[in-house]
Every structure is written in structure tokens, then in C-alpha cells.
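Structure, as C-alpha cells:
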Amino acid sequence: MTNPTTVATTGAKSEEETAQLAPKENAALPPRQHLLDLDDLSVAEITDLLDSAEGMLEIAGRDNRKTPALRGKTIITMFFENSTRTRVSFEQAGKILGADVINVTASASSVSKGESLLNTVKTLQAMQIDALVVRHPHSGAPYFISNHTDASVVNAGDGTHAHPTQSLLDLFTVRSHVGELAGKKIAIVGDVLYSRVARSNIIAFQKMGAEVTVSCPNTLIPDEWQLGSTLGEETGFGGLKLARNVDEAVDSADVVMALRIQQERQEAGHLPSLREYSERWGINSQRMALANDDALLMHPGPMNEGVEISSEVAHGAQSVVEEQVRNGVAVRMAVLYTLCAPGKSSRLADSDEAQS
Amino acid sequence: MTNEIGRVLLTQDDIRRAMTRISHEILEQNRASTDLVLVGLQTRGVHLARRLAEIIERIEGFAPVVGTLDPRLWRDDPDVASAQPLLPSDIPTSVDGKPVVLVDDVLYTGRTIRAAMEALLDFGRASRIQLAVLVDRGHRELPIRPDFIGKNIPTARGERVQVRMTEIDGDDAVVLGRES
């Protein structure tokens with residue numbers, strides 16, 4: 001199979017640039033079948049998804065929020081890792097759009113009897129499914145699956161690689177507060193080496209023109225990166241600043257994003273103790289005071305309150321954590337609709353005929 | 001959108017006069033009900049609805065509530081369903097028991113209107129749903145008939161009716177072009 005990490009990291013730049021140059025309504029985007037990562041999405045595609053999510057948010061907030069848009073479509077969520085919000089969010093998104101959503105969890109499926117990923121996918125494929133939402137502990141699993149199914153594959157988090165819908169909802173949440181993302185200062189604090197949310201969000205916010213600074217222990221960045229430096233283009237994260245300490249990262253930031261620190265990291269020797277992590281990298285009210293007055297505090301959840309984020313700020317006035325969850329449904333509706341709507345094979349950029 | 005400028009069917013003045021006449025007709029048909037709700041279909045229908053509301057306010061002294069609707073998710077035709085980002089639907093009042101006028105720029109197959117009626121039902125039970133369009137170009141595929149028409153323009157299917165509006169395009173005109 002193709003190596004997932006090399007599939008999409010190159011070639012995205014030129015596409016992004018042409019998309020930016022072309023007037024938006026003329027950007028003839030090819031129909032997209034899968035959403036596996038954000039690095040091969042153009043700025044125009046991301047903007048379209050975020051714009052659609054605005055309309056979806058209104059529908060998701062109604063008393064009667066059932067629509068027939070994906071009536072007759074079947075969406076399967078296949079989670080090989082535990083998750084509450086992402087799985088429920090996708091399920092709710094699919095159901096509001098009128099699709100039938102079936103949840104498969106690894107522990108309750110034939111996977112626990114030893115069925116291979118390939119055979120599981122082929123079995124589901126034989127049941128005529130339209131979309132497969134996959135979370136898997138191995139980076140690249142959704143890419144592998146996309147090569148073996150006609151259904152649209154949505155990556156709901158794969159290993160340490162990517163979590164594209166989380167990044168889209170983070171972009172959406174920030175955009176709804178600050179408007180234009182370009183030039184905004186984003187501080188991401190946490191496990192950069194292993195976090196798929198960090199990787200996807202660095203890509204996403206940089207793509208939209210924001211300035212991203214990360215702060216984390218020296219043991220949780222790739223070996224060849226140096227704290228206190230700014231990465232060059234050759235790394236694929238050109239312009240990413242690696243702060244020496246968390247105060248430097250948070251200083252005059254527009255957005256402060258704390259990432260969950262996983263217990264396993266400490267067990268693997270990356271961290272001396274969670275208490276030390278909390279003291280040196282935890283986001284609390286003193287650190288939030290260094291950011292802009294109206295800075296947003298974000299966390300992708302689930303939160304370890306008292307470790308990477310203090311309870312005080314997690315539920316404080318600047319926190320948009322619950323908004324992130326609410327927006328997640330709207331963003332996933334936009335993603336599922338864009339990938340599965342009946343007309344995606346003949347995408348017409350012709351608004352007048354659309355009004356006929 | 002690459003076709004050359006075609007034949008102008010309605011000028012700015014023609015559009016203004018048609019909108020004024022439709023405003024009078026809406027008031028007449030609805031006995032100047034102050035409950036009247038105008039719902040514009042995204043995107044040009046929204047601007048037409050706002051213009052109708054302004055004219056009605058000038059004539060009758062009250063401005064009807066204007067809402068917006070993007071019926072995309074209720075469409076049945078695959079070709080156009082997902083082409084553009086979904087736009088917000090917002091009707092800032094309950095439509096229960098009130099007369100609603102759907103407003104769109106061009107009436108063609110009728111499929112948008114069918115979708116719009118279904119989408120509107122989720123907002124409540126209107127006492128009556130009527131339809132106002134700037135241009136009726138024929139070729140209906142569903143049993144749908146407009147109540148208020150700016151102009152009937154018989155067209156061939158290969159032709160394209162383009163409504164230009166100041167709010168979006170910088171000027172007002174209805175132009176007949178060829179399908180690009």
C-alpha cells in the first residue's frame with residue numbers, strides 16, 4: 001500500500017496558491033471523495049466547508065432539525081479507539097442530514113474475533129455504504145481503507161497523524177469570533193510530537209494565514225527541531241515558531257489552545273510528572289492574562305482539568321470549549337454533505353442554474 | 001459564467017416597475033395583511049424580497065418581515081445540490097398562521113420552489129404560501145405556478161437567463177445568454 005505520510009504532504013502548495021489567485025466562484029474544484037487530511041485541501045475548499053458549516057449551524061440549532069439531504073444514504077462510523085464527542089458528533093451530523101448512521105466499535109465487532117481491517121472494510125463495502133467515518137490508532141489506516149472501498153472515507157483521527165474535522169471545527173470556531181484568520185496569533189500548547197490535533201491544526205491555521213507558535217517539553221517535539229527557533233519551509237511547517245517556554249508562546253496570542261496530555265507519554269518517559277507538566281505548561285489564569293484581552297481559550301477535549309488546563313480557565317469567560325463541541329456537529333454536517341450529496345459527481349459552479 | 005454578454009430583456013427601469021407592480025399585487029392579494037412575511041431564496045431572491053419590503057413600506061406604511069431560505073438540503077436534483085456552500089436560512093418571526101410569499105429571481109423547472117416549500121414547512125404552518133418571481137422562463141417539471149410574475153420570458157432550454165442585481169453584480173438587468 002502507499003505510504004500514507006508521503007501521499008499528501010507535497011504538491012499542496014501550488015494548488016493552494018492557484019486557488020487563492022483565482023476568483024472564488026471560478027475555482028472549478030474537482031469533486032472530493034474522501035477527507036483524509038487537511039494538507040491536500042485548498043484554501044478555497046476549506047473556506048467552502050466553513051461557509052457551508054454556517055448554514056448547517058443554523059439547521060442544527062432548530063427545534064425541528066431533520067433534513068432530507070442525505071436520505072437513503074448509509075454512513076458507518078467505525079471507531080477502533082474510544083471516543084465520545086467525535087463519534088456522537090458524526091452520528092448526529094449524519095442523522096440531521098437524514099442519512100442512516102450505523103455505529104461500529106472495534107470491541108463489539110468481528111474485529112475482536114480477529115478479522116483483518118481489510119476484510120472488515122470489504123464486508124461493509126458489500127452492504128452498499130456511502131460513507132465510512134474511521135478512527136484508528138494506526139496512522140494511515142483511513143488511507144488504506146480509502147483504497148479498498150467506493151465509499152467516501154472520512155478520517156476521524158488516525159494515530160499520531162491527522163484529525164481533519166477537529167481542525168475544521170477549530171478554524172470555524174476561531175473564525176466565528178475573530179472573522180479573518182490571516183495574521184492571527186495562535187498558541188498551541190501540548191504534545192506536538194504525538195498529537196494528531198496539533199499536527200492538523202498547525203497545518204490548518206498556517207494554511208489560512210495565521211501565525212502559529214507551539215510550546216511543549218523538549219521531549220515532545222521531533223528530534224531535529226529546536227525550541228526557540230522558527231521552522232524553515234523544508235520541514236513542511238515553514239514559519240512555525242517553537243517557543244522557549246509557554247509564556248513566550250501565549251504572549252499577545254489571539255487564541256490559546258491547550259492539548260490533552262496523555263498519561264502514556266509520562267509512562268514512556270517523555271515527562272517527569274504530570275504535576276511538573278501542569279506547573280510549566282499548564283494553562284491557567286496567570287498565563288491567559290499574558291494573551292490578548294479577548295483571546296479565546298480552546299481545548300479539543302477530553303480535558304484533564306488541573307493538568308494541561310486549570311478548571312478556572314476551562315470554564316471561564318474566555319473558554320470556547322463547549323462552542324467547539326457544538327460547532328463540531330455543523331462542521332461534520334458540511335463535510336458529510338459535501339462528500340455524500342447526490343450531486344458531487346457533477347459539481348456545477350453555476351449559481352444561476354442552481355436557482356432555477 | 002463565461003458566456004458573452006447576451007440580449008438585455010429587462011433594464012433597470014423595467015425591473016423597478018415590475019417590482020412596484022408586484023408589491024401592489026401582493027398587498028391586494030393579501031389585503032395588506034401586516035402579518036405578511038417575505039422569504040427570499042438565496043441569494044438573489046433575498047435581495048428581491050428586501051426590495052419588495054421597502055416598496056411595500058412606502059406604499060402601505062408597514063414593512064413586512066423579510067426572511068432568507070436556502071432550500072439546498074431539500075432539493076431532489078443531483079446536478080445542483082452541492083455546487084456552492086450552503087447559505088444561512090433565517091426567518092426572524094414565526095410563520096404560523098401567516099401568509100408567506102416566497103421570492104426568487106428566475107422560475108424554471110420549479111424544483112427549487114418545491115424544495116423551498118418543504119424547507120419552509122419546518123419553520124411552521126403558514127396560512128398560505130405564495131410565489132413571486134422576477135422572471136418566469138417556462139419549462140416547468142413540477143405542477144408549480146407563480147402568483148406574482150415580473151415578466152414571462154419564453155426561452156429555449158439551451159439559453160440562460162441571468163439576473164443581475166446591484167447588490168451583487170453592480171447593476172440591475174435581466175440578460176438572455178447561451179449556456180456556456
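Quick notes on this one:
- Taken over region A:27-83, the residue count meeting the criterion of being within 11 Å of chain B (Cβ to nearest Cβ), under 23 Å from A:HIS148 (Cβ atoms) and hydroxyl-bearing (Ser, Thr, Tyr) is 0.
- Filter result for B:PRO143 (in a loop (DSSP other than H, G, I, E, B), at pLDDT below 95 and either more than 10 Å from every other protein chain (Cβ to nearest Cβ) or touching a helix residue (DSSP H, G or I) at 6+ places or on another chain (Cβ under 8 Å) (or both)): no
- Number of positions in region A:182-226 that are within 23 Å of A:SER278 (Cα to Cα) and among the small types (Gly, Ala, Ser): 5
- Residue list for region B:161-180, filter: in a strand (DSSP E or B) and either at pLDDT below 90 or among the polar types (S, T, N, Q) (or both): B:GLN162, B:GLY177, B:ARG178
- Test result for A:ASN304, at pLDDT below 95 and under 22 Å from A:ARG196 (Cα atoms): yes
- Taken over region B:90-107, residues that are free of Cβ contacts under 8 Å to residues at least 40 places away in the same chain and facing chain A (nearest Cβ under 7 Å) amount to 1.
- Residue within region B:110-122 that is touching a residue at least 12 places away in the same chain (Cβ under 8 Å), part of a helix (DSSP H, G or I) and of a type in the set (S, T, N, Q) present: yes
- Condition check for B:TRP74 on (1) in contact with a Pro (Cβ under 7 Å, 6 or more places away or on another chain); (2) of a type in the set (Phe, Trp, Tyr); (3) under 28 Å from B:HIS24 (Cβ atoms): one failure, at (3).
- Residue that is surrounded by the fewest Cβ atoms within 10 Å (Cβ to Cβ), among those in region B:150-165 that are more than 14 Å from chain A (Cβ to nearest Cβ) and touching a residue at least 40 places away in the same chain (Cβ under 8 Å): B:LYS151
- Meets criteria (assigned by TED's automatic domain parsing to the domain that holds A:LEU35, buried (at least 20 other Cβ atoms within 10 Å of the Cβ) and not hydrophobic (A, V, I, L, M, F, W, C)) for A:HIS136: yes
- Residue within region A:137-151 that is of a type in the set (A, V, I, L, M, F, W, C) and in contact with a Lys or Arg (Cβ under 7 Å, 6 or more places away or on another chain) present: no
- Per the conditions (1) out of contact with any strand residue (DSSP E or B) (no Cβ under 6 Å at 6 or more places or on another chain); (2) over 20 Å from B:ARG160 (Cβ atoms), the sole criterion not satisfied by B:THR109 is (2).
- Some residue of region A:106-123 being closer than 19 Å to A:THR173 by Cα and part of a helix (DSSP H, G or I): no
- B:ARG50 falls short on exactly one of the conditions (1) surrounded by fewer than 19 Cβ atoms within 10 Å (Cβ to Cβ); (2) farther than 30 Å from A:PRO31 by Cα; (3) of a type outside the set (Val, Ile, Thr); (4) within 10 Å of chain A (Cβ to nearest Cβ), and that condition is (4).
- Residue within region B:104-112 that is among the acidic types (Asp, Glu), within 30 Å of A:ARG332 (Cα to Cα) and modelled with pLDDT under 95 present: no
- Of the helices (runs of 4 or more DSSP H) lying entirely inside region A:174-274, the ones with 1 or more residues being buried (at least 22 other Cβ atoms within 10 Å of the Cβ), under 16 Å from the mean Cα position of the chain (by Cα) and in the same structural domain as A:ASN304 (by TED's automatic domain parsing) are found at A:196-207.
- Test result for B:ARG44, over 26 Å from A:LEU336 (Cβ atoms), crowded, with 20+ Cβ neighbours inside 10 Å, away from every other protein chain (no Cβ under 11 Å) and within 13 Å of the chain's Cα centre (by Cα): no
- Selection within region A:93-113 - away from chain B (no Cβ under 14 Å) and buried (at least 18 other Cβ atoms within 10 Å of the Cβ): A:VAL101, A:VAL104, A:ALA106
- Taking the criterion of being surrounded by fewer than 24 Cβ atoms within 10 Å (Cβ to Cβ), of a type outside the set (Asp, Glu) and within 16 Å of B:VAL39 (Cβ to Cβ), the residues of region B:80-115 that qualify are B:LEU87, B:PRO88, B:ILE91, B:PRO92, B:THR93, B:SER94, B:VAL95, B:GLY97, B:LYS98, B:PRO99, B:ARG114, B:ALA115.
- Some residue of region B:126-136 being at pLDDT 95 or above and either at the interface with chain A (Cβ under 8 Å from one of its Cβ atoms) or in a loop (DSSP other than H, G, I, E, B) (or both): yes
- Any hit, region A:114-128, residues being over 23 Å from the mean Cα position of the chain (by Cα), surrounded by fewer than 21 Cβ atoms within 10 Å (Cβ to Cβ) and closer than 27 Å to B:ASP122 by Cα: no
- Filter result for the condition that a residue is in contact with a Ser or Thr (Cβ under 8 Å, 6 or more places away or on another chain) and assigned to a loop (DSSP other than H, G, I, E, B), over A:THR160, A:THR86: A:THR160
The values are calculated or read from the model by the stated rules, or taken from the named source; none is laboratory data. In this text, all values refer to a predicted model and were calculated from it rather than measured experimentally. No Cβ is skipped: glycine too gets one built from the backbone with ideal geometry, and neighbour counts run over all protein chains shown.
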